[in-house]
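Visitor: Take this structure first; my questions come after.
Here, each number is a calculation from the coordinates, and none is a lab measurement. Since the model is a prediction, treat every value here as computed from it, not as a measurement. So basically every Cβ, Gly included, is an ideal-geometry build from the backbone, and we count neighbours across all protein chains shown.
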């Protein structure tokens, strides 16, 4: 990885860690360093690992078999670690290149990146999408369905749980999605009513899980590497 996560972790040694499983070890590390950790349920029954070195080194070592995202609460302070998936798990075709290093744009606490999407009409559209590892699919407003060439026959009905409750959605598949030098075919997309999205478009896990993903929060950079 060209840069890796920039965490500025302070050296830390906690002799009281007596966890026997990786889940317990990460839970105790988060508790004693004051950061939030999400996705522990995605871990297996791995035993505890090396608990030495800086917080950055410990997280990198303990989660070396997983895709995860680290964000900062401030300079030198880890705010959250989100475990996304085990490396090697893939939901579809792999990328067209080995890696991509793409600058993101900060929108508040979120990262936005330009994404090239090709729908059933084979026309490429480039739009900024918000990176959202909590979204299971790529999410677009319903007003873009016809623009990308989707017909009723290309879509199926579904529902999605949002902050404002359960909403109806249309689910389809984009022929191709590209960010920088990497791309993936047959990426699931969900269309939600424009008024429900408030102008947001989301880059979710139907694309991101195809890759080993890192967000360098300090450098505003998304790193995607083939699995």
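Visitor: Pull out a ≥ b ≥ c, the square roots of the eigenvalues of the alpha-carbon gyration tensor of region 164-227, then state rounded if a/c is under 1.5, prolate if not and a/b is larger than b/c, and oblate in the remaining case.
Guide: Cα axes put region 164-227 in the oblate bin.
Visitor: Sorted from fewest to most neighbouring beta carbons within 10 Å, what does the list 68, 101 look like?
Guide: The fewest-first ordering by Cβ neighbours comes to 101, 68.
Visitor: Another one. Cα gyration tensor of region 99-211, axes a ≥ b ≥ c as square roots of the eigenvalues: rounded (a/c below 1.5), prolate (a/b > b/c) or oblate?
Guide: Oblate, because a/c is 1.5 or more while a/b does not exceed b/c.
Visitor: Using Cβ counts within 10 Å as a stand-in for footprinting exposure, how do 98, 85 rank, fewest first?
Guide: Placing the least packed residue first, the sequence is 98, 85.
Visitor: For the modelled label position 7 Å from the Cα of residue 98 along Cα-to-Cβ, which residues of region 201-227 have backbone nitrogen atoms closer than 16 Å?
Guide: Within reach of a label on residue 98, which here means backbone N under 16 Å from a point 7 Å along Cα→Cβ, region 201-227 contributes 212, 224-227.
Visitor: Rank the residues 147, 28 as a footprinting-exposure proxy: fewest other Cβ atoms within 10 Å of their Cβ go first.
Guide: Fewest-to-most ranking of 147, 28: 147, 28.
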